[in-house]
Amino acid sequence: MDVANKSVSEFVLLGLSNSWKLQLFFFIVFSLFYVATMVGNSLIVITVIADSHLHSPMYFLLTNLSIIDMSLASFTTPKMIADYLTGHKTISFDGCITQIFFLHLFTGTEIILLMAMSLDRYIAICKPLRYTSVIGPWVCAALVVASWVVGVMHSMSQVIFALTLPFCGPNEVDSFFCDLPVVFQLACVDTYVLGLFMISTSGIIALSCFILLLNSYIIVFVTIKHHSSKGSSKALSTCTAHFIVVFMFFGPCIFIYMWPLSSFLTDKILSVFYTIFTPILNPVIYTLRNQEVKTAMRKLKHRLLNPHKTTPWHYF
């Protein structure tokens, strides 16, 4: 990335607060959240791979969601934690563009993957007789590949847009990472037009996807309501967990990108949600609410603690 024609070669990340007490608090909390996110999501991936009973489309998509969430938590949190330790809160121009790329890559990919998970649950509950013929291994693989392709295309559009902006003045980013809503306001051009671009390329897309997801879950919930069996209760629990993840992820994204000129404080708080808090929802929601995953984890634990002991737990 050529920055020779840029008068700004680095940016200063102002972070969440100037108070050293709050910075110490954030360092401890975010470090714990990051470790929990990585351990929890890794455990989900290992459990699904190790237990053949979980080799189904829903858990295949869940595994990919865990991988994306670990990536989403890793593109900015480690640097933020390191900044609290060193006090060095600058980032190069190339590093800033790289953060923008990975942010939109992982969020764009997760949006499509959440829609794929919604489709999986919709067909499983509303059209159960057609489920095995519609949702198969190749379809799941295609959905995952499509989510990454869309993510790459979306992130490239944002990076290309950012690289065309002239930066000739202030270089203080009022956030703990680089994203277009805060970076474009440092450009030496009219931010009104840029704000419209943000709304059209990210805000409207996020809002449209959320409305589609909301409609699908409403149909699913109505379908479940007409059944009273144990299976429908399990389906309701699963779909409720899915919707919590969807709401916690889309809510901040829609607000930030639909109102790109909103309060920086509000944007920073919401950014914490979808970059730090949302990635840990997977292990919390899907392990504490899902009996199949909890059982598989107990079997895996028993297998690891008793590697030479032949018991029924060994056979999945």
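The values are calculated or read from the model by the stated rules, or taken from the named source; none is laboratory data. Treat the numbers as computed from the prediction; the structure is a model and nothing was measured. Note: ideal-geometry Cβ built from the backbone for every residue, glycine included; neighbour counts use all protein chains shown. For the accessible areas, the whole protein counts, side chains as well, though only heavy atoms, and no ligand, DNA or RNA atoms are used. Shrake-Rupley method; radii C 1.70, N 1.55, O 1.52, S 1.80 Å.
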Exercise for review: Report, by chain and number, residues whose modeled amide H sits under 5 Å from the one on residue 13, excluding near sequence neighbours (fewer than 5 apart, same chain).
Suggested key: 90, 91, 173
Check your understanding: Which of the helices in the chain, when you take each full DSSP H run, stretch at least 20 Å along the axis at their Cα atoms and have an average Kyte-Doolittle score of 1.6 or higher?
Key -> 20-50, 137-163, 204-225
Practice item. Determine the gain in length on full extension of the stretch residue 152-residue 185; use 0.36 nm per residue of separation and subtract their C-alpha separation, reporting nm with one decimal. Key: 9.5 nm
**Study point:** Heavy atoms of residue 130 accessible to a 1.4 Å probe, total area in Å² rounded to 10
**Key:** 140
Point to revise | Efficiency of FRET from Cβ geometry, residue 168 and residue 244, R₀ 41 Å, rounded to 0.05 | key: 0.40
Study note, to complete from the structure: Quick calc, residue 294 & residue 142: beta-carbon distance into FRET formula, R0 35 Å, rounding 0.05, result 0.70
Review point. Cross-link partners among aspartates and glutamates for residue 268, C-alpha distance below 15 Å, same-chain residues fewer than 8 apart left out?
Key: 172, 174, 179
Check your understanding: To the nearest 10 square angstrom, what accessible area does residue 172 show with a 1.4 Å probe?
Key -> 110
Practice item. Starting from the Cα gyration tensor of region 58-111, take the square roots of the eigenvalues, sort them a ≥ b ≥ c, and report rounded, prolate or oblate (rounded when a/c is under 1.5, otherwise prolate if a/b is larger than b/c, else oblate). Key: oblate
Point to revise | Ellipticity estimate at 222 nm from DSSP helix runs (n ≥ 4, -39,500 (n - 2.57)) divided over the chain, nearest 500 | key: -23000 deg cm²/dmol
Review point. Among (i) 1.09; (ii) 2.70; (iii) 3.67, which is the computed Cα Rg over 2.2 N^0.38 Å?
Key: (i)
